[in-house]
Amino acid sequence: MWHDVKILNAMTNALVGILLLAFLMSGIWWVIQRPMFTLTAIRIEGVDKGNLRHVNALTVRNAAIPKIKGNFFTSNLDLVRSAFEMVPWVRKASVQREWPNKLIVVLEEHEVLGTWGDEGRLISAKGDVFTANLAEAEEDADLIEFVGPQGSEKEVLARYLDFKKWFAVINLEPDAVQYSNRYAWSLKLSNGMKVELGRMQDELILKKRVDQLLAVYPQLLTSLRDSIESVDMRYPNGLALKSSKSSLGLKSKLK
């Protein structure tokens with residue numbers, strides 16, 4: 001009998017606890033649904049409070065705001081972040097709440113470097129491929145033309161930076177860099193000259209071929225001025241070049 005009473009008391013206490021918890025949860029739900037917590041403002045700023053060049057109120061209103069659901073408490077910050085990262089030119093977004101009814105969104109924009117492939121995509125200075133208005137990109141910089149197999153973006157960017165440093169010795173820089181599906185490198189320099197470097201798996205070999213060209217370039221420039229159209233460095237101990245003064249390639253031995 002006494003055992004049955006203890007079980008009954010335990011069940012009663014459990015039920016009371018469940019009811020109290022239900023009332024508490026209902027009260028919390030009632031509070032968080034109050035109008036004062038309805039999102040009334042979303043403050044958008046650049047990294048370190050810098051200005052945003054390409055993201056504006058119109059693009060945010062059209063692309064991100066409709067995807068934001070909930071209020072101060074119930075909005076999913078990961079979904080909000082994802083919505084903003086879908087906005088053109090946005091590389092990364094971070095979101096935090098500001099009491100009692102605001103969100104603060106910090107955006108990092110892509111810093112465009114050039115075009116990627118022939119499908120109208122762009123590549124940033126950090127090697128991210130993205131889609132945005134090409135005309136806007138051209139206002140930012142003289143775009144470098146990049147081509148490479150899918151997934152090679154970081155490698156192509158790294159080689160571009162190498163080429164830029166190496167060819168600075170002769171006051172030239174790459175205007176286009178191509179990495180073919182057969183893993184061969186070619187580039188077009190700022191004087192219009194095309195350089196074929198061939199297949200490379202070793203950066204040291206790539207630099208060796210560039211160094212060979214740099215060594216003879218002053219002599220070529222003296223002889224041919226600005227008429228060099230292309231130079232082929234795929235020969236083990238020589239090079240072939242094409243000049244607008246001649247329709248034939250010229251073979252030269254490298255010392």
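Here's the picture: a label point sits 7 Å out from the Cα of Glu119 along the beta-carbon direction, and within the range 141-182 the residues with their amide nitrogen under 14 Å of it are 147-153.
I'd like the FRET efficiency for Thr40 and Leu77, computed as 1/(1 + (r/R0)^6) with the beta carbon distance as r and R0 of 22 Å, rounded to 0.05.
Working: r = 17 Å, r/R0 = 0.77.
So, using R0 = 22 Å, E works out to roughly 0.80.
Considering only DSSP beta bridges with both partners in the range 34-141, what is the antiparallel share in %, to the nearest 5? Antiparallel bridges make up about 70 percent of those DSSP assigns within the range 34-141. The trypsin sites (Lys or Arg not before Pro) of the range 116-209 meeting both criteria, a DSSP state outside H, G, I, E and B (loop) and at most 16 other C-beta atoms within 10 angstrom of the site's C-beta, are Lys126, Arg182.
Applying 1/(1 + (r/R0)^6) with R0 = 51 Å to the Cβ-Cβ distance of Lys102 and Asn237, what FRET efficiency is obtained, to the nearest 0.05? Could you put the intermediate results ahead of the total?
On the way: r = 69 Å, r/R0 = 1.35.
E between Lys102 and Asn237, to the nearest 0.05, is 0.15.
Taken over the range 97-255, lysine pairs spaced eight or more positions apart, or on distinct chains, with alpha carbons under 13 Å apart number 7.
Protection proxy ranking of 71-82, 103-114, by the mean of other Cβ atoms within 10 Å over each peptide's residues and highest first, is 103-114, 71-82. Rg and Dmax of the range 101-253, based on Cα coordinates, read 17.9, 74 Å.
Shown here for the range 114-207: chymotrypsin sites (Phe, Trp or Tyr not before Pro) in loop regions (DSSP other than H, G, I, E, B) with at most 16 other Cβ atoms within 10 Å, namely Tyr183.
Over all pairs of distinct alpha carbons, what does the Kirkwood formula give as the hydrodynamic radius of the range 82-159, in Å? Spell out each step's value before the answer.
On the way: mean 1/r = 0.0729 Å⁻¹.
Over the range 82-159, the inverse of the mean reciprocal pair distance is 13.7 Å.
Computed from the C-beta positions of Thr59 and Glu203 and an R0 of 35 Å, the FRET efficiency is 0.30 to the nearest 0.05.
Placing pseudo-labels 7 Å out from each Cα toward the beta carbon at Glu229 and Leu214 gives an inter-label distance of 2.8 nm.
The numbers here are math on the coordinates, done by the rules we state, and not lab data. Bear in mind that the values here come from a model prediction, so they are computed numbers and not experimental data. Every residue, glycine as well, gets a Cβ built from its backbone with ideal geometry; the counts of neighbours run over all protein chains shown.
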